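Structure record follows, encoded as structure tokens.
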Amino acid sequence: MLNSERVEYLLVGGYAIIHYAKPRATGDMDIGVNPSPHDAERVVRVLNRFGFRDPSITLARFSAESKVFRMGVPPLRIELLTPVSGLTFEQAFAHRRWVTIDSTEVSLIDLNDLKINQRATGRRKDLDDWGALP
């Protein structure tokens with residue numbers, strides 16, 4: 001649905017690590033989204049189409065930096081992030097790669113940007129993942 005609404009997004013986090021380095025368990029799917037007002041509208045449309053209706057789904061929420069929106073519970077949780085730690089969304093989006101996952105084209109963070117992102121979070125788990133990247 002993100003593709004059909006032309007949302008500027010990046011698959012980041014554990015799923016990106018799995019793509020580039022090693023299979024590992026992950027409790028969620030992290031998706032960085034462009035915090036622009038235009039993309040915020042698109043994200044709200046996608047969530048409504050997905051059937052997720054909640055008063056916290058607002059344009060303001062998705063057009064602000066440093067916001068995380070969680071849906072579901074692990075291991076089926078989806079997290080929509082407006083920050084991409086360590087770089088701007090625009091920088092990371094400019095370097096993105098398109099990959100096919102289960103017959104769906106997905107916008108994936110570039111390997112070098114993923115390394116920057118994993119180091120910038122400073123979390124132990126992310127630093128361990130950073131060490132596993134090629």
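Values quoted throughout were computed directly from the atomic coordinates according to the rules given, and no laboratory measurement underlies them. Worth saying up front: this structure is predicted, and the values here are computed from it rather than measured. Counting neighbours? That spans all protein chains shown, and the Cβs are built from the backbone with ideal geometry, glycine included.
Each row is one residue, and each column tells you yes or no for (1) on the phi < 0 side of the Ramachandran plot; (2) in contact (Cβ under 8 Å) with a residue 40 or more places away in the chain; (3) of a type outside the set (D, E, K, R).
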{"position": "E5", "(1), (2), (3)": "yes, yes, no"}
{"position": "I17", "(1), (2), (3)": "yes, yes, yes"}
{"position": "K22", "(1), (2), (3)": "yes, yes, no"}
{"position": "G27", "(1), (2), (3)": "yes, yes, yes"}
{"position": "F52", "(1), (2), (3)": "yes, no, yes"}
{"position": "P55", "(1), (2), (3)": "yes, no, yes"}
{"position": "F69", "(1), (2), (3)": "yes, no, yes"}
{"position": "R77", "(1), (2), (3)": "yes, yes, no"}
{"position": "T88", "(1), (2), (3)": "yes, no, yes"}
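One residue stands out among those in the stretch 21-35 that are over 15 Å from the mean Cα position of the chain (by Cα) and not hydrophobic (A, V, I, L, M, F, W, C): the one that is surrounded by the fewest Cβ atoms within 10 Å (Cβ to Cβ), which is P23. Among the numbered conditions (1) surrounded by 14 or more Cβ atoms within 10 Å (Cβ to Cβ); (2) in a helix (DSSP H, G or I); (3) of a type outside the set (D, E), the only one that H38 does not meet is (1).
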